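Comments concern the structure below.
The values are calculated or read from the model by the stated rules, or taken from the named source; none is laboratory data. All values reported here derive from a predicted model rather than from experimental measurement. Neighbour counts run over all protein chains shown; Cβ positions are idealised from the backbone, glycine included. These accessible areas exclude ligands, DNA and RNA; they are computed on the full protein's heavy atoms, side chains included. Shrake-Rupley method; radii C 1.70, N 1.55, O 1.52, S 1.80 Å.
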Amino acid sequence: MKRLWFVAVALAVMVGLTVVAEAPLGARAASAARPYEGTTIRAVVNAEYVKYSLSLVEKDLYDKYGIKLETEVIPLDAFVAKTLLEFNSGKSPWDLIMFGGTFMPDYGRHFEPLENWITKLNLDFALDDIPDIYKKLFLKYNGKIVGMPYDGDVHMMFWNKTAFERPENKKKFKAKYGYELAAPKTWKQWDDAAEFFHGWGWNGTDSKLFGAGGSYKGNLYSYYWWRPRFFAYGGQYFDADMKPLINSAAGVRALEEMVKTMPYYPPGVLLFESEEPKTMLVKGEVPMLYSWTSTGKRVGNPAESVITGKAGFGLVPGAEVDGKIRHFPILTAGRGMAVSIYSQKKEATMKVLEFISNPEQSLKIVMDPKTIMDPWRISHFRSAKFRKAFPGAPEYLAAIEKTFPQAVPDPILPGANEYMRKLSFEITEALAKRKTPKDALDTAAAEWDKLTDRRGRDKQKALWGEKMGEMKQLGIEYHADWAAKAK
């Protein structure tokens, strides 16, 4: 009986060896090339279009590593609160975490540092290909890199060249304002152009068109649209003692100008988020807009845009101070990706993070108009392939590259989401004329003080001191006298 058992085993081994020997070479190579076959990585993001963006690289990811992605979407407005609630309980159902760089002080302790894994797995995140503002302000926690960018998220300006170059328009504008009509370089010029274009057919038709596009909804958007004026007039979030400066002369002037020019924007602007004014721009209903750089991909899409090949791209307006025009385009929270410290699949997730961040795969993501992901690598800005994507793409990408070194971040502090939302709500109150600009900003400043006390004033002050120093190195600091003399 025992002899028969040995014979059976020997036959089984021989059959197994024969099967292996007869397996196609390609199948064996594919198996060897997918070292994490059968692994599923769970990701969490804040919008369906972000989930879609990951789908663009899923096949290549599986072909290389055998890894599949399972992506959960938590809506944008609830994302920070819900994910932090999960993390603060000391666990996470996700391996790959989308985060906003602004919120790194709240998220960072829940992320796995990259350095040891870079050495262990020989990972290459092409860090030299990332703009300095990201590396200095958005990717580190306690001095260690814990995440990678995924979405550039800076604002730039777009304009309809027909509106600005039509001879009749130029003649009428010069007669009224005394200078040549051109893409605005200052907020004064922007407001003049908005007033000039509003309410008539600047495109040569009988249509009643609008003066400018904007997003003034009180769930952060109005704050984003206020911020570049605020910093152009010398603003800063806090002083060194954590006293809010949002209700300083710079903040008040910025908001007063926004309130004054409200009639030149489309009805409903107080309810607009990001996509409504983009749609109006590409349909030729507004002559100019400053918004996220992803707007350019819609501008360049002839299937929906009437201004493809007729659009201008440039810096968000600024202010002239002491004979020099200074621009302060905004860098918003953006989107980054990180590995959860609670993940049981850290090695595979690190491979995913490296893969989706690499220059080739990330270019695929940011080039697709449906992702709404903004270019963020230097190689994205200079990509020959991207520069051929649509008419005007070289000018578009050059403007983005010029924007990044001048960009201003959000207040990168614990509770940043709360600070920003309280301010945005009050800005919209002023825009709706339910409060004066000064009263609205005074209320927001008082709310910021309460939030600072609740978070621990000494702790917040110490952290803000670090961020204020980093911002100063980037040329961003408070100038109390600019609000009065900026042109």
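Set Lys and Arg Cβ to +1 and Asp and Glu Cβ to -1, take the dipole of the range 83-139 about its Cα centre, and tell me which of 134, 87, 102 lies farthest positive. The one lying farthest along the dipole's positive direction is 87. Accessible area per residue for the range 294-440, computed on protein heavy atoms with a 1.4 Å probe, is 35 Å². Taking the protein heavy atoms of the chain in the context of the full set of protein chains, the accessible area attributed to carbon and sulfur is 56 percent at 1.4 Å. Solvent exposure of the range 56-118 amounts to 42 Å² per residue of accessible area, where only protein heavy atoms count and the probe is 1.4 Å. Compared with the rule-of-thumb size 2.2 N^0.38 Å for a compact globular protein, the chain has a Cα radius of gyration ratio of 1.12. The Cα atoms of the range 32-138 cover 41, 30, 27 Å along the three principal axes, with the biggest extent listed first.
Ranked from largest, the principal axis spans of the Cα set of the range 298-359 equal 55, 42, 18 Å.
Kindly identify the range 205-340 as rounded, prolate or oblate by the Cα gyration tensor criterion: order the square roots of the eigenvalues as a ≥ b ≥ c, call it rounded if a/c is under 1.5, otherwise compare a/b with b/c, prolate if a/b is larger, else oblate. Cα axes put the range 205-340 in the prolate bin.
Every pair of different Cα atoms in the range 142-283 enters the Kirkwood calculation, which places the hydrodynamic radius at 17.1 Å. Here the peptides 406-413, 380-387 are ranked by packing, the mean other Cβ count within 10 Å, and the order with the highest first is 406-413, 380-387. When each of the peptides 289-299, 428-438 is scored by how many other beta carbons lie within 10 Å of its residues on average, the order from highest to lowest is 289-299, 428-438.
What shape does the range 363-487 take by its C-alpha gyration tensor, where a ≥ b ≥ c are the square roots of the eigenvalues and a/c under 1.5 counts as rounded, a/b above b/c as prolate, and the rest as oblate? Prolate. What translational D, rounded to a whole number of µm²/s, comes out for the range 159-206 from Stokes-Einstein when the hydrodynamic radius is the Kirkwood one over Cα pairs, at 10 °C and 1.306 mPa s? For these conditions, the coefficient is 147 µm²/s. Measuring between their Cα centroids, the range 120-138 and the range 337-398 lie 13 Å from each other.
Scoring 173-185, 266-278 by mean Cβ neighbours within 10 Å over their residues and listing the highest first yields 266-278, 173-185. Estimated from helical segments only, the mean residue ellipticity of the chain at 222 nm is -14500 deg cm²/dmol, where each DSSP H run of four or more residues counts as -39500 (n - 2.57). The range 448-481 and the range 267-324 have Cα centres separated by 32 Å.
On full extension, the segment bounded by residue 171 and residue 119 gains 12.4 nm, given 0.36 nm per residue less the C-alpha separation.
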